[in-house]
Amino acid sequence: MPLYLGLDSSTQSITAIVIDSDSREIVYEHGINFDAAFPEYGTSNGTLPGDDPQVVHAPPMIWVEALDELMAHLADAVDVARIVAVSGSGQQHGSIYLNSPIGPLNPDESLKAQIEPLLSRATSPIWMDSSTNAQCNDIRDALGGTSATTAATGSNTFERFTGPQIRKFAETEPAAYASTVTIALVSSFMSSILAGTTSPIDPGDGAGMNLMDIAARDWHPGALDATAENLAAKLPPIAASGTEIGTINPYFVGKHGFSADCRCIVWSGDNPCSLIGLGLVQPGMLAVSLGTSDTLFGSMAECATDPNAEGHVFGSPNGDYMTLICFKNGSLAREAVKDSFGLDWAGFSEALQSTTPGSGGLMLPWFEPEIVPHVLTPGVHRQNLDESDAAANCRAVVEAQMMSMRIHSEWMGIKPACIYVTGGASANADILQIMANVHGCPVHRFETTNSAALGAALMALQGQSGCAWTDAVTGFAEPVAGSEVVPQDEFVGVYHERVEAYRAFEASVLQA
Ligand code: ADP
Ligand code: XUL
């Protein structure tokens with residue numbers, strides 16, 4: 001009865017899932033919300049407050065403290081000595097700057113006391129940051145323009161990507177940049193703590209940096225040069241998913257009772273992990289994650305990039321590629337509408353049920369700067385929509401998100417036969433009904449809404465055992481039978497027209 005642990009260090013929380021590879025069961029699932037568990041950091045939805053909506057940082061020590069608390073909870077619930085291997089998932093793009101590498105840690109001192117002195121930058125820019133437009137332009141120009149950048153790294157330059165963020169740090173805080181010996185992603189930072197040694201970065205998360213050669217799955221020397229001085233020396237190697245980093249840090253053996261033989265498998269980004277956790281190990285399948293961000297992604301055998309340069313190509317943990325489009329105004333935009341009318345999620349659902357699909361006005365829900373389409377100055381735009389009509393606004397925000405997904409994924413050329421869905425908001429059937437109607441296909445739900453943590457546990461299993469990916473995911477990453485939300489024929493046609501109205505509204509506002 002070998003057990004495998006998957007951790008997901010995400011924007012708002014850290015979650016653990018333990019799977020039993022013999023019984024094919026999830027035997028433990030628990031999450032810790034950063035804001036609620038560690039109010040002393042002053043975070044809101046996992047991020048630090050600030051005056052500039054384009055600058056979004058998080059305190060890395062909150063992730064470290066939450067990891068320790070989660071491990072303590074896990075050790076109370078599960079015989080952790082039976083855990084054979086651990087892997088993990090991190091919110092993508094965020095970066096951590098260290099003045100000294102992470103090594104074996106002492107179980108008699110706190111994790112916080114041992115990690116905090118290693119930071120050369122107290123806070124971490126995360127994926128919600130959009131303050132690096134100038135650096136994006138510099139790097140793109142140096143690489144020869146949009147097409148050349150996309151072909152080289154799998155994506156155009158994006159404000160949240162790690163390369164532009166590193167360039168900004170090197171420009172604005174040159175001394176701190178110079179004293180940095182290692183730059184980590186959230187995934188490799190957390191796996192370095194787990195393994196007690198500097199962890200490699202995998203091609204799933206490495207592709208979210210504008211620094212990796214997407215075809216070679218190694219650092220791109222031209223991109224490193226275009227980004228910051230002496231960068232190659234500060235980056236760990238890129239290693240294929242499944243690579244074993246080593247055995248677990250003695251800290252977790254002494255403090256929480258892990259076996260000294262427990263293997264640490266390289267981590268990935270939350271979207272590549274979700275791809276695995278939803279069982280998308282064959283090309284041509286589509287999924288949507290409704291987490292803090294909404295992402296639409298699918299697996300593909302060949303590397304095909306977005307001609308509109310809005311989407312990305314990442315490495316898939318199974319060695320294939322994945323394509324991804326990220327919408328920043330996901331759950332937090334839905335929450336903003338919900339909260340503005342004093343509703344809870346049940347009230348939000350009632351509002352959706354009380355309105356007719358495709359009947360009200362339109363909203364462009366850019367509460368925060370948006371990634372797709374590219375909007376740096378936030379603003380909510382309404383067309384024939386009364387700002388004070390609670391039900392109409394609840395419907396309008398969800399319809400907007402689903403129509404935007406449909407429009408901006410057209411380049412993939414996939415008419416989905418079905419969509420697999422995950423993330424916190426996938427628990428909401430009324431949101432999924434709008435997704436099914438707008439996309440005109442059934443939406444399938446899963447036992448867990450934490451597919452990134454499940455994917456991480458499956459990466460631990462596959463990496464340690466070397467089994468085929470199809471065998472790894474069988475019995476775990478499958479939709480719950482009979483749980484699908486089917487499109488309502490009478491409304492599917494309504495959305496064909498409404499999508500065109502939305503496209504025109506979006507284009508007119510973007511032009512203005
Ligand atoms: P992340 O992994 O990015 O931290 P999650 O996938 O855990 O995020 O999703 C968290 C979000 O899920 C919350 O911000 C909340 O808005 C949303 N959520 C939780 N329950 C519901 C619900 N019943 N309906 C809609 N959204 C929900
Ligand atoms: C993907 C992206 C987000 C983060 C946080 O490119 O920026 O989905 O991974 O979930």
Amide H to amide H under 5 Å from Glu484: which residues, 5+ apart in sequence or cross-chain, H placed 1.01 Å off N in plane?
Arg445
With x for Gly and Pro, the residue-by-residue ³J(HN,Hα) of region 200-213, computed from phi through the Karplus equation 6.51 cos²θ - 1.76 cosθ + 1.60 at θ = phi - 60° and given in whole Hz, is x, 10, 8, x, x, 7, x, 5, x, 10, 6, 10, 9, 6
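Take every DSSP beta bridge whose two residues both sit in region 1-144, then give the antiparallel share in percent to the nearest 5. Show your work: numbers first, answer last.
Details: 19 of 26 bridges.
In region 1-144, DSSP labels about 75 percent of beta bridges as antiparallel.
DSSP beta bridges in the chain, what fraction antiparallel, as a percent rounded to 5? Display every interim value, and only then the final one.
On the way: 51 of 69 bridges.
So the antiparallel bridges amount to about 75 percent of the total.
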What are the membrane-span-like helices in the chain by this rule: whole DSSP H runs, Cα extent along the axis at least 24 Å, mean Kyte-Doolittle hydropathy at least -1.0?
60-77, 390-408, 489-511
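Cα-based Rg of the chain per 2.2 N^0.38 Å, rounded to two decimals? Kindly include the intermediate steps, with their values, before the conclusion.
Values: Rg = 21.7 Å, N = 512, 2.2 N^0.38 = 23.5 Å.
Cα Rg divided by the expected 2.2 N^0.38 Å: 0.92.
Just want to confirm a number: the relative contact order over the chain, from Cα pairs under 8 angstrom separated by 6+ residues, in percent. The partial results should precede the final answer.
Details: 1199 pairs, mean separation 80.9, N = 512.
Answer for the chain is 16 percent.
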Normalised by the residues of region 25-70, what does the relative contact order come to in percent, with Cα pairs under 8 Å and at least six apart?
34 percent
Under 29 Å between alpha carbons, and skipping anything fewer than 8 positions from Lys255 in its own chain: which lysines qualify?
Lys112
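My understanding is that a pair violates if its Cα-Cα distance is over 24 Å; which of Lys168/Lys234; Lys338/Lys415; Lys168/Lys328 do that in this structure?
Working: Lys168/Lys234 16 Å; Lys338/Lys415 31 Å; Lys168/Lys328 21 Å.
As for pairs spanning more than 24 Å Cα to Cα, those are Lys338/Lys415.
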Pulled fully out, how much extra length does the chain show between Val181 and Ile407, if you take 0.36 nm times their separation in residues and subtract their Cα-Cα distance?
77.1 nm
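How much length is gained on full extension from Ala346 to Glu171, taking 0.36 nm per residue of separation minus their Cα-Cα distance? Display every interim value, and only then the final one.
Working: separation 175, 0.36 × 175 = 63.00 nm, distance 4.73 nm.
That works out to 58.3 nm of additional length.
Work out the P(r) tail for region 232-348: percent of alpha carbon pairs separated by more than 21 Å, whole number. Let's see the in-between values first.
Numbers: 3886 of 6786 pairs.
Value for region 232-348: 57 percent of Cα pairs lie more than 21 Å apart.
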Long-range HN-HN contacts of Gly242 with modeled amide H, under 5 Å:
Val266
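Please report Asp79, Asp35 as a ranked list, fewest other C-beta atoms within 10 angstrom at the top and most at the bottom.
Asp79, Asp35
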Two pseudo-spin positions, 7 Å from Cα along C-beta at Val494 and at Ala507, lie apart in nanometres by 2.5 nm
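In region 356-483, what % of DSSP beta bridges are antiparallel (nearest 5)? Don't skip to the answer; put the middle values down first.
Details: 6 of 8 bridges.
Expressed as a percentage, antiparallel bridges in region 356-483 total about 75.
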Sorting Cys394, Cys467, Cys262 on the 10 Å Cβ count, fewest up front, what's the list?
Cys467, Cys262, Cys394
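Per DSSP H run of at least 4 residues, take -39500 (n - 2.57); add these up for the chain, divide by its residues and hand me the 222 nm value, nearest 500 deg cm²/dmol.
Working: 19 runs with 190 residues, N = 512.
Value at 222 nm, helices only, nearest 500: -11000 deg cm²/dmol.
Subtracting the Cα-Cα distance from 0.36 nm times the residue separation, let me have the gained length for Cys467 to Ile414 in nm, one decimal.
16.1 nm
Every read-out reported here was derived from the displayed coordinates using simple, explicitly stated rules and does not represent laboratory data. Just so you know, these numbers come straight off a predicted model, no measurement behind them. Positions of Cβ are backbone-derived with ideal geometry, glycine not excepted, and every protein chain shown enters the neighbour counts.
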